[in-house]
Amino acid sequence: MSTDIPARMLPVTDRTRHRRLREQGSVSRDDLDAVLGAGFVCHLAVVVDGSPLAVPTVYGFDAAADTLYLHGSAASRSLVQSPGASVCVTVTHIDGLVLARSVFEHSVNYRSAMVLGVPRVVTDPDEKLHGLRVLAEQSAPGRWDHARGPSRKELAATTLLALGIDEASVKTSTGHTDDADGPDGELPVWAGVLPLLHTWGEPEPDPALRAGIPLPPHVAERAGTQAG
């Protein structure tokens, strides 16, 4: 009997169908989860007062609940005032520059995801607390249990959006340029990939930090590690 686990696939809609550079597209839900799980900053695009607005904001990905939790004050106010509005959330990781022999063939190695849908404002106190925890742990794992939790007043002043992952698109680009087999392959021009690595630096204590407070393990463990 086969023990293979069937791959999870993303539904293809007219808005998520890969029309250009189809070979870079994916319909694998695992690929989507990997892109969303690797970051913590997204761009939330929404129409505000009749004009398009793309807000950079932090997010938290709850894979078990198929939900993105988003914080973005300007867009949040608009969505509160206009419930039912569609949004587009994008997450992008740049992995390197692909330098070709001609500028026309230059490109970028990247991983990206786009999630479309109608978010809802989280009003249930328990879900809001859970969503904020997911959001905080996405950017700084271990921080939620270490720092003071939000007060009732702070929770009331925070708008949290929840977006179900029902319609999404994934694209990635890797590898080198493919111009070596053409006429440009004979040019005396260096070609290759310039990788881009995101690395956490050494922690910098707050100048006002009281003496005797040690660096917590969850912060020390990330120093020098690759981000994304």
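Scanning region 36-54 for residues that are touching a helix residue (DSSP H, G or I) at 6+ places or on another chain (Cβ under 7 Å) and at pLDDT 85 or above yields F40, L44, V46, L53. Applying the criterion of being farther than 18 Å from T158 by Cβ and surrounded by 15 or more Cβ atoms within 10 Å (Cβ to Cβ) to the residues of region 55-84, the residue that is modelled with the highest pLDDT is F61. Taking the conditions (1) out of contact with any Ser or Thr (no Cβ under 7 Å at 6 or more places or on another chain); (2) within 28 Å of A54 (Cβ to Cβ); (3) not polar (S, T, N, Q) in turn, L161 satisfies each one other than (1).
Residue count for region 87-131 under the criterion of being of a type outside the set (V, I, T), closer than 28 Å to L161 by Cβ and assigned to a strand (DSSP E or B): the result is 10. Within region 182-206, which residues are more than 20 Å from H146 (Cβ to Cβ) and assigned to a loop (DSSP other than H, G, I, E, B)? Passing the criteria: G182, L187, P188, V189, W190, A191, L196, L197, H198.
When region 12-35 is examined, which residues are found to be modelled with pLDDT of 80 or more, touching a His at 6+ places or on another chain (Cβ under 9 Å) and not hydroxyl-bearing (S, T, Y)? The answer is V12, V27, V35. Look at (1) in contact (Cβ under 8 Å) with a residue 60 or more places away in the chain; (2) touching a helix residue (DSSP H, G or I) at 6+ places or on another chain (Cβ under 9 Å); (3) not polar (S, T, N, Q) and you find that G192 fails only one, number (2). Out of L161, L99, one residue alone is modelled with pLDDT of 95 or more, under 26 Å from V35 (Cβ atoms) and touching a Phe, Trp or Tyr at 6+ places or on another chain (Cβ under 8 Å). It is L99. All of D126, D166, D179 fail the test of being touching a helix residue (DSSP H, G or I) at 6+ places or on another chain (Cβ under 8 Å) and among the acidic types (D, E), apart from D179.
Among the residues of region 144-201, those that are among the small types (G, A, S), under 23 Å from the mean Cα position of the chain (by Cα) and exposed (fewer than 14 other Cβ atoms within 10 Å of the Cβ) comprise G175, G201.
The values are calculated or read from the model by the stated rules, or taken from the named source; none is laboratory data. Here the structure is a predicted model, which means the values were calculated and not measured. Reconstructed Cβ throughout: ideal geometry from the backbone, glycine too, with neighbour counts over all protein chains shown.
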